[in-house]
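First up is the structure itself, then whatever we jot down about it.
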């Protein structure tokens with residue numbers, strides 16, 4: 001354990017999740033002392049131990065499915081290669097683009113396909129690898145079981161307060177060179193700033209409109225259906241279903257239901273969850289007898305996550321940072337619907353942006369805050385905006401057309417693209433390798449989200465498929481359709497435990 005002096009305070013990172021651990025790992029290269037304060041206490045052990053025994057009540061998505069997208073893997077390669085090596089050493093699979101190709105699609109690999117790689121990994125395993133990497137550093141202290149009550153700061157001549165430390169719930173104060181808020185979507189950072197007299201962060205938010213139900217399984221003797229090495233997913237209109245491959249012969253199944261569908265809330269009970277899976281032909285083979293078992297036997301719970309909103313908070317305005325010395329990354333700044341798998345990549349990206357900002361402006365915290373804000377708005381904001389638009393589309397939200405011509409044109413163009421995406425581009429991914437590759441590159445955050453709406457080649461290749469779809473001849477989906485009524489009837493049937 002290091003012992004910084006009042007004249008040499010540490011960088012204090014609040015939160016020991018993905019964003020906080022990544023920030024600590026990176027900032028330890030340029031600062032002599034980094035202190036991570038984490039509420040949850042986590043015992044040492046293996047990656048499997050982490051899944052079974054870590055109590056991460058502060059991270060509600062901890063035991064839900066995760067897709068570790070290619071953008072995250074490339075960020076690891078560039079900035080945290082030891083974490084990727086640690087994951088590889090324990091057998092985490094890297095699933096390439098060729099393994100994600102739909103059956104029957106003629107696909108010729110290209111050199112740049114090597115970037116499109118999915119990490120098949122549980123969230124617990126990924127966080128375990130990051131934590132082990134941080135614990136190996138002599139100048140980083142990970143202090144768990146600590147509750148932070150607020151910020152400490154000073155204001156001179158009526159100016160905005162500068163954050164100089166944190167106050168713990170026992171009243172003690174820890175001085176800090178800078179404070180990093182990586183406390184996730186429930187961060188009280190805005191209230192803490194208000195208590196110091198800082199301006200209120202500008203905030204935007206919208207409902208995600210979805211509930212998540214997840215259960216984890218372990219394949220028996222490594223046997224799983226071989227139809228897909230990557231994600232198996234389907235949108236049935238009334239529900240979304242996905243199978244996520246994991247490490248150590250594990251996988252998870254997540255069902256996303258509309259918030260208002262109370263009839264489906266019953267699948268929070270394991271037997272009801274299994275009954276629904278048995279009614280889905282594309283999922284049932286994964287749960288056939290002898291193929292898999294719930295990871296902890298019949299007592300394996302169904303994880304439930306709701307009350308989700310897409311929310312962004314800006315901690316820099318036209319005058320500069322709301323409180324110099326206070327930096328916010330991860331879900332505390334940009335939180336979007338987990339269905340898109342962007343939370344962990346954006347957390348790592350935010351940590352690298354913070355590292356860059358402080359490296360370039362070490363003696364000017366206001367300039368560092370502006371730099372972090374600019375990078376985040378340029379690189380992260382488009383993905384947040386895309387999530388909001390997509391969620392509105394999924395919820396069937398019809399935006400009113402503004403009276404001004406330019407505003408009306410923007411709304412109509414957005415509605416038209418929504419139709420093209422649903423009835424043209426997505427069906428085209430099943431029959432056209434060029435559209436498939438382009439969609440996967442966007443899905444994995446390697447190309448900007450607007451590419452699907454602006455690339456002439458993608459649009460031209462998707463228009464014939466759109467015409468077929470509108471004529472009732474949409475290319476067949478891999479995921480077999482089941483109606484809501486059929487599924488609800490399945491919940492009344494008895495299904496033997498598997």
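The values are calculated or read from the model by the stated rules, or taken from the named source; none is laboratory data. All of these numbers come straight from a predicted model, not from anything done at the bench. Note that we place each Cβ from the backbone using ideal geometry, even for glycine, and neighbour counts take in every protein chain shown.
Against the condition under 26 Å from residue 329 (Cβ atoms), within 18 Å of the chain's Cα centre (by Cα), in the same structural domain as residue 294 (by TED's automatic domain parsing) and at pLDDT below 95, how does residue 244 come out, does it pass?
Yes; evaluated as a whole, the condition is true for this residue.
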Filter pass, residue 219 being surrounded by 22 or more Cβ atoms within 10 Å (Cβ to Cβ) and in contact (Cβ under 8 Å) with a residue 12 or more places away in the chain
no
Taking the condition assigned by TED's automatic domain parsing to the domain that holds residue 345 and modelled with pLDDT under 95, does residue 153 pass?
no
Being in contact with a strand residue (DSSP E or B) (Cβ under 9 Å, 6 or more places away or on another chain), under 30 Å from residue 158 (Cα atoms) and assigned to a loop (DSSP other than H, G, I, E, B) narrows it down to one of 323, 369, so name that one.
323
Specify the residue that is farthest from residue 345 (Cα to Cα); the eligible residues are those in region 6-26 that are touching a residue at least 24 places away in the same chain (Cβ under 8 Å) and assigned to a loop (DSSP other than H, G, I, E, B).
6
Select, from 416, 448, 476, 438, the only residue that is in a helix (DSSP H, G or I) and surrounded by fewer than 19 Cβ atoms within 10 Å (Cβ to Cβ).
416
Any residue that is under 24 Å from residue 303 (Cα atoms) and either assigned by TED's automatic domain parsing to the domain that holds residue 149 or not in a loop (DSSP other than H, G, I, E, B) (or both) - is there at least one of those in region 27-39?
yes
Residue under evaluation residue 302, criteria (1) in contact with a strand residue (DSSP E or B) (Cβ under 8 Å, 6 or more places away or on another chain); (2) assigned by TED's automatic domain parsing to the domain that holds residue 165, criterion not met:
(2)
Only one of 98, 129 is in the same structural domain as residue 348 (by TED's automatic domain parsing), modelled with pLDDT under 95 and either more than 17 Å from the chain's Cα centre (by Cα) or not in a loop (DSSP other than H, G, I, E, B) (or both). Can you tell me which?
98
Could you tell me whether residue 56 is farther than 23 Å from residue 152 by Cβ, assigned to a loop (DSSP other than H, G, I, E, B), in contact (Cβ under 8 Å) with a residue 12 or more places away in the chain and in the same structural domain as residue 327 (by TED's automatic domain parsing)?
yes
Does region 444-467 contain at least one residue that is modelled with pLDDT under 95, closer than 21 Å to residue 104 by Cα and within 26 Å of the chain's Cα centre (by Cα)?
no
